[in-house]
Every structure is written in structure tokens, then in C-alpha cells.
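Remarks on the structure that follows.
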Amino acid sequence: MLLNTIQLLLLALCFSSCGNKSSFEDQKKSSETNISSTTNITNFTKDSVEKVAVLSPKSLIDTKNTTPEELVSFAKTLVGIPYLYGSVNPNKGFDCSGFITYVFNHFQIAVPRSSRDFANVGITIPVSECKPGDLILFTGTDSTKREIGHMGIITDHVNNVQFIHSTSGKAYSVTITPLNKYYLGRFVKIIRPFN
């Protein structure tokens, strides 16, 4: 992994310096010197090296060959990871859309990074027809403002709709929650990212 990271950094440096007339070997030596002298490689985190794959709003999500069951199963392995605003890093925590982004990116599926950018993504599904893997969208904590501010992934729909999400509420972590009166008051819609 470390070798791949260094190779990617060197490749990026090479392509970003097209106007430089020095040879590739000179650039490689220079970048190796810069890396070793200014950065402690052991401090690289997944977030600092890999870019999060994001999808622009008003798009369809290409779920490739991933099944809803695979997505939900992986999401459930993250239960208990703490809430952290603005984060997609499982070692630190997730906000709601960071959690969604991390789960989908695990399968190399690009999605919007912000919950509000999901407003025009996917196909809207009635609650009565939702399935595991569908995304459920809510307002933020101020339900009088009807813009999307929270989201989760449907995990169950048989007896009562349940969803997995990273919440800043009572659980303050990734948790599975029933679609109760509180969340019904904030409910906006359910979208299906899978065909």
C-alpha cells in the first residue's frame, strides 16, 4: 500500500509538471527527496491519499454489479463508529452523508458527498415499496425547513421500516433506527439507487 501511494504521488507529480524540462528520473529523485524530507509517510491516512469518489447532483447512481444486500451487509459492519461532522474516515467517525459516501465508495460507487445533493438523484419510491439498500432522506433537525439535511440506508421493511445512519442524536454513532414518529416528521422521500 505504501509503495502504491508513493507511486501514485510520483505519477501525479509527473503529469502535473508538463512544462518542466527536467527528465522523469530527475523529477522522481526530486519528489522522493521532498517526500522523505517533508512528510512522515507513516502519517498518511486513507483520507489524505485517496480521493472520495463523488457524483454530481441530478445524476443516476451507477451501482455496477453491487447488490443491495452486499451494501447493507457492509454498512452494518460499521455500527458503533462515532458521529463526526464532515468526516468520511471510519477511524475518526462519520457524518450522515460521509457514512453513505464511505459505504458506496467501498464498492467503487460514486455518490454525492452532501445529503442535500441527493435531492434529485435516483428514483423516488413510496415508503410502502421501499427495500433494503434504498436511501431515505430527511430534513435537518429543523423540520420546518424542508431541505434535505440527513439520510440513511434502508435495512428492513418487513414489519417496520428501519434504516442505518450516522446520527448526531442520542446514539451519536452509526446505528439502526426504526422510522418512528420523530423521523416521520422529518421524512422527505426514499430513493432507489439500484435497478
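Tabulated data for the structure shown
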quantity	calculated
Computed FRET value (nearest 0.05) for D62 with K131, which takes r as the C-beta separation and R₀ as 25 Å	0.85
Unit charges on C-beta of K, R, D, E only; dipole of segment 49-192, Debye	320
Spherically averaged projected area in nm², based on the convex hull that wraps the Cα atoms of segment 76-147	5.7
Neighbourhood net charge (15 Å Cβ-Cβ; Lys/Arg +1, Asp/Glu -1) for Y183	+2
Neighbourhood charge, 15 Å Cβ-Cβ cut-off, centred on F194 and excluding it, Lys, Arg +1 and Asp, Glu -1	-2
Selection of chymotrypsin sites (Phe, Trp or Tyr not before Pro), segment 67-152, meeting DSSP coil and at most 13 other Cβ within 10 Å	Y85
Chain lengthening between I123 and T144 when straightened (0.36 nm per residue, less Cα-Cα)	5.1 nm
Residues with amide H under 5 Å from that of I61, placed H, sequence gap 5 or more	G122
Non-local Lys pairs in segment 49-192, i.e. 8 or more apart or on different chains, that have alpha carbons under 19 Å apart	12
Chain lengthening between Y182 and E69 when straightened (0.36 nm per residue, less Cα-Cα)	38.0 nm
Neighbourhood charge, 10 Å Cβ-Cβ cut-off, centred on L84 and excluding it, Lys, Arg +1 and Asp, Glu -1	0
Cα-based shape type of segment 124-191, given that a ≥ b ≥ c are square roots of the gyration tensor eigenvalues and the cut on a/c is 1.5	oblate
J(HN,Hα) series, segment 105-113, from Karplus relation 6.51 cos²θ - 1.76 cosθ + 1.60, nearest Hz, glycine and proline x	5, 4, 9, 6, 10, 7, 9, x, 8
Long-range HN-HN contacts of K131 with modeled amide H, under 5 Å	none
Cα shape, segment 48-195, gyration tensor, a/c 1.5 rule	rounded
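All of the numbers you see were taken from the coordinates with simple rules; none came from a lab. Note that the coordinates shown come from a computational prediction; the quantities given were computed from them, not determined experimentally. Reconstructed Cβ throughout: ideal geometry from the backbone, glycine too, with neighbour counts over all protein chains shown.
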